[in-house]
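Below is one structure, written out as structure tokens; the observations come after it.
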Amino acid sequence: MDLFGSFALLLAFLCGLYAFGGGIAAIITRRPLLIKSARHAGMAVCVLIWLGFGSLAYLFLTDNFSMAYVVEHSNRTLPAFFKFAAIWAGQQGSLLFWSFLLSIYIFSVLFTYRGKHPELMPYVGVVLVGVQLFFLTLNNFIASPFQILGSAAPSGALQWILRADGNGLNPLLQYPEMVIHPPILYSGYTGFTIPFAFALAALLGRYPGEKWIHLTRRWTMIAWGFQGVGILLGAHWAYAVLGWGGYWMWDPVENASLMPWLTGTAFLHSVMMQEKRGMMRVWNVWLVFTTFLLTIFGTFLTRSGVVNSVHAFAQSRIGPWFLGFIGLVLLVCCVSFWRNRDYLRSDNTLDSLVSRESSFLFNNLILLVACVAVISGTLFPVLSEWVRGTKISVGVPFFNLINLPIGLFLLFLTGVGPLLAWRKTSLASLRKNFGGPLLMGLVAGVVGRALGLRNVYVTTCLILSVFVTLTILLEFYRGARVIAARGNCNLLSGVAQLTMRNTRRYGGYVVHFGIVLIFIGISGTAFNQDKQAEMPPGAQMQIGSYRLTHQSFDSTELPNYTSERATLAVDRGGKQIIMLYPEKRFYPSNQESGTMVAIYSTLKEDLYVVYAGHSPETQQPVIHAYLNPLVKWIWLGGAIVVLGTLLALVPNRQPLLALRTAAEPSRAAPLLSPAPAPVPHYDGHD
Amino acid sequence: MISPGLPISRKGLHVAPRPSERHKPSGVSGIGNRRVCFCFLALAAACAAAPLLAQAPVQTTDRARVLGKQLMCTCGCGDTAGSCSHPGAAFSGPCEVAKAKLKEVEERMSRGESDSAILQAFVQEYGESALAAPPARGFNWFAYTFPALAFAFGLALVLMILRQWRQRIVVAPASGPGVSAAMLEHARRQIERDVPED
């Protein structure tokens, strides 16, 4: 099976070379048979990668310890669930996993648009296969997961070695979320290849109009959604496993995932200007290019060892390959842009500074500044060492200082942007849309201050959260009220109808509301508390309004690990509310420990308890308790962002009456008399 | 070790039983509207109240740990000395490195040194990498000002673009091939209607 996987990947590489070369020849010669052949070769590449990936999965699941990669990341006692996840636990396997996910996207695109858009698709195919070829080069020649353990026999021949057992999986990765988080995050990273390929293809082929934007809208949203969920799942994993009481550390690997998400968000917004007004063509093309380049750059950061990170892959010789690829892609983008820049000229004008167009420009500016702040903070230690020869650390205090004001300004624009009209917004409309929410936000701020809220950022977050929430609710309310009045239905039904008539717009509002909840959750960090104490059985600890009593202590031996567990009774106001079981695990295969945090989570706060192990000095069990306010709002907000994204992906539902009119002409007259309820049109209409 | 009578949530924790949600039948439009309005208001109020709920009295953490959060732990955890949890180790923090740093901080505090003097002493002893955020001086100013410079540059660019777009609207009708602004507007609206959203 090891040879099978190797051959499959090698064949995929050769097929990819043909698809790439044949695709270019097809573009030049315009021969339909060659176009079809290149497309089929591209699809064959995908199938071969799936076979290669399947064979690696088989090697893991069957404990084939003749393979170096399997030995390094698995062992016999590892549950099958984690054996599968171990595929992407190391450099080589995760690169194959990247290829695997990319191939799913590529196959879907080539299959979905087969025979369609003949002017565009040959270019798209060449770009997609080109990217896939880069990863196949790594999979085959630089970081192959199919290396066999071997040594030289006395005769000089190569002797295979079969190890009895493997080293096991890193304990930090033995958590159910780690089975889900990397695939979802990688689906985001790889998904951005699709809009990139279409943008570059449209530029190279001078494909007319905004069609490529329409074609890639859903692909971009899917990639963006995956990236966002992946980031949140990563944060949740860090929160639930690392045992340090937080969820975001501004680690280079976390930052690497945030950067393309920020530019992707900017693209999702500015693309509307191109669709609606034919504006910002150059900008959008470069936003897509930048987003794609940042996904590769993020991977370079994670894998090259250029920056220190807790969960980066080991330093390897892979860095220069990524840098070379980034340089090549940048060169192709620049040359393509320079040669075809006249095609991107936009001819629209701006009627007023107070308009949706301006708000999108500012939105893009702030998102890009946030991205620049993250990049500069991440790379500054490297720059400092290079320029001054002095190593410095750029940690949480720096990133918080820089990014908090940027984030709050972005939150403000989240409320303002959607309610400004395309072209021009009147003063009366501004007053109508923003007066009430702004006033209520300020009232909330004043009440907050009166109740003792002293932190400026938290107060600002409170004001803006109320403001943005109310603007969103008002948008739903006004639209639904019109539909409810015309359709004689209740407001809730009106909201549902309104949403389904323009899913993209109202799905976007739902996403914005989710972002508000995430901001509220983050603001809770200002009030975090923690306490660490030695707690032998019978000892008590008070944190906030909770009293923890250490009732008992037990240990268990399981095939994969041994576990020590504390049993803590949690009381509040003299009433027991929950039992918590924080756990410390020891994995003998790799001689490492892991924590299993116990969390009592409410909307108000999380009681987060870590059993830290035995004190090295006194050998007494140590409990570290954290009281983290509002953390649940972050996960709730994340769920709402997902819901909004899914909603935005649903096609619009046309008003029923209009459909009937078209389908049944004989009944058209009576149906037309009560005019179909129009989609309410406000200044802020999409 | 599972106590009977309490449901088990994920990660094997007991959670207190919650009252089941009452099913609300959909009412006639007027009552429904009031309910929806009430829900909207409740939602906005919840958003407003959340940060206030969070405001529990802040624990008086000892000064050494607070200051320790401005010093990097060098055990490889990537965290600060004041919050090192040393993932993967037998004891989940603070590790020996962090403990040593916190001990040194405490000793210096007991000698009456100010926070800034202590941080400075660490910089002299271990270099600037001892601090969790680079001191805002010299070349490090670049790290702090770069986002602001990027913002200023971007803002200038945005304003320039806006100005160009504004100027075009004055020039365009005069040089247009006999097409009135109203016709252009009509055509634009038509295109906006015709261009599908999906």
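Taken together, the values in this text are just the output of simple stated rules run on the coordinates, not laboratory data. What you see is a predicted model; the values in this text were computed from it and never measured. Ideal geometry is used to build each Cβ from the backbone, glycine not excepted, and the neighbour counts take in all protein chains shown.
Subtract the Cα-Cα distance of A:W386 and A:S555 from 0.36 nm times their separation in residues, and report this length gain in nm to one decimal.
55.8 nm
Can you tell me the Rg and the Dmax, both Å, for the Cα atoms in segment A:526-633?
14.2, 44
Using alpha-carbon positions, what is the distance between the centroids of segment A:39-69 and segment A:554-582, in Å?
Using only Cα atoms to place each centre, the spacing works out to 42 Å.
How far is the Cα center of segment A:416-488 from the Cα center of segment A:343-403, in Å?
27
Based on the mean of other Cβ atoms within 10 Å per residue, sort peptides A:471-483, A:114-126, A:326-338 so the most packed one is first.
Top to bottom by mean Cβ count within 10 Å: A:471-483, A:114-126, A:326-338.
Quick query: amide H of A:G613 versus all other amide H atoms, modeled in the peptide plane; which residues come in under 5 Å with a sequence gap of 5 or more or a different chain?
Placed amide hydrogens put A:V622, B:S92 under 5 Å from A:G613.
Give the average, rounded to an integer, of partner chain Cβ atoms located within 10 angstrom of each Cβ in B:132-140.
For this peptide, the per-residue mean of nearby foreign Cβ atoms is 5.
Would you grab the residues whose amide H sits under 5 Å from the one on A:I578? Only those 5+ places off in sequence or on another chain, please, with H modelled 1.01 Å from N.
A:V570
Let's test the formula: R0 of 35 Å, r as the Cβ-Cβ distance of A:R30 and B:M183. What FRET efficiency results, to the nearest 0.05?
According to the calculation, E is roughly 0.35.
Could you compute the FRET efficiency for B:R137 and A:S155, with r as their C-beta to C-beta distance and R0 at 60 Å, rounded to 0.05?
According to the calculation, E is roughly 0.35.
Answer with one residue from A:N364, A:L350, A:S376: the one whose Cα lies farthest towards the positive end of the charge dipole of segment A:338-380, charges on Cβ with Lys, Arg +1 and Asp, Glu -1.
Going by the Cα projections, it comes out as A:S376.
Beyond 28 Å between alpha-carbons counts as too far, so tell me which of A:K276/A:K432; A:K604/B:K99; A:K36/A:K83; A:K391/B:K101; A:K575/B:K103 fall in that bin.
A:K604/B:K99; A:K36/A:K83; A:K575/B:K103
At 7 Å along the Cα-to-beta-carbon direction for both A:V456 and A:S615, put a label point, then send me their distance in nm to one decimal.
Between A:V456 and A:S615, the simple spin-label model gives 4.1 nm.
For the pair A:L439/A:T602, report the inter-label distance in nm, with labels modelled 7 Å from Cα in the Cβ direction.
If labels sit at A:L439 and A:T602, their model points lie 3.5 nm apart.
Toward the positive end of the charge dipole of chain A, about the Cα centre and with charges on Cβ (Lys, Arg +1; Asp, Glu -1), which of A:I578, A:L420, A:L568 goes farthest?
A:L420
With each run of n ≥ 4 DSSP H residues scored as -39500 (n - 2.57), what mean residue ellipticity at 222 nm is computed for chain A after dividing by its residue count and rounding to the nearest 500 deg cm²/dmol?
Rounded to the nearest 500, the figure is -20500 deg cm²/dmol.
Given charges of +1 on the Cβ of Lys and Arg and -1 on the Cβ of Asp and Glu, with all other atoms neutral, how large is the dipole of chain A about its Cα centre, in debye to the nearest 20?
Using only the charged Cβ atoms, the result is roughly 2560 debye.
What ³J(HN,Hα) values, in whole Hz, does the Karplus curve 6.51 cos²θ - 1.76 cosθ + 1.60 give for segment A:177-184 when θ = phi - 60°, with x put for Gly and Pro?
Per-residue couplings from phi come out as 5, 6, 7, 9, 4, x, x, 5 Hz.
Can you give me the long-range amide H partners of A:G150? Hydrogens built in the peptide plane at 1.01 Å from N, cutoff under 5 Å, separation of 5 or more residues or another chain.
Placed amide hydrogens put A:I161 under 5 Å from A:G150.
How much length would be gained if the chain were fully extended between A:A485 and A:N590, taking 0.36 nm per residue of separation minus their Cα-Cα distance, in nm to one decimal?
That pair, A:A485 and A:N590, stretches by 31.1 nm at full extension.
Given A:I326, A:W386, A:N167, which one lies farthest toward the positive end of the charge dipole of chain A, if we put +1 on the Cβ of every Lys and Arg and -1 on the Cβ of every Asp and Glu?
Farthest towards the positive pole: A:I326.
Could you tell me the distance between the Cα centroids of segment A:491-505 and segment B:91-119, to the nearest Å?
The distance from the Cα centre of segment A:491-505 to that of segment B:91-119 comes to 58 Å.
Any chance you could run the full-extension gain for A:A80 through A:L14? It's 0.36 nm times the residue separation minus the Cα-Cα distance, nm to one decimal.
Net length gain for the segment: 20.5 nm.
Would you mind putting A:399-405, A:81-87 in packing order, based on average other-beta-carbon counts within 10 Å, highest first?
A:81-87, A:399-405
If each of A:L353 and A:S426 carries a label point 7 Å out from its Cα toward its Cβ, how far apart are those two points in nm?
Each label point lies 7 Å from its Cα, and together they span 2.1 nm.
Taking the beta-carbon count within 10 Å as an exposure proxy, list B:L67, A:L353, A:L438 from fewest neighbours to most.
Ascending Cβ contact count within 10 Å gives the list A:L353, A:L438, B:L67.
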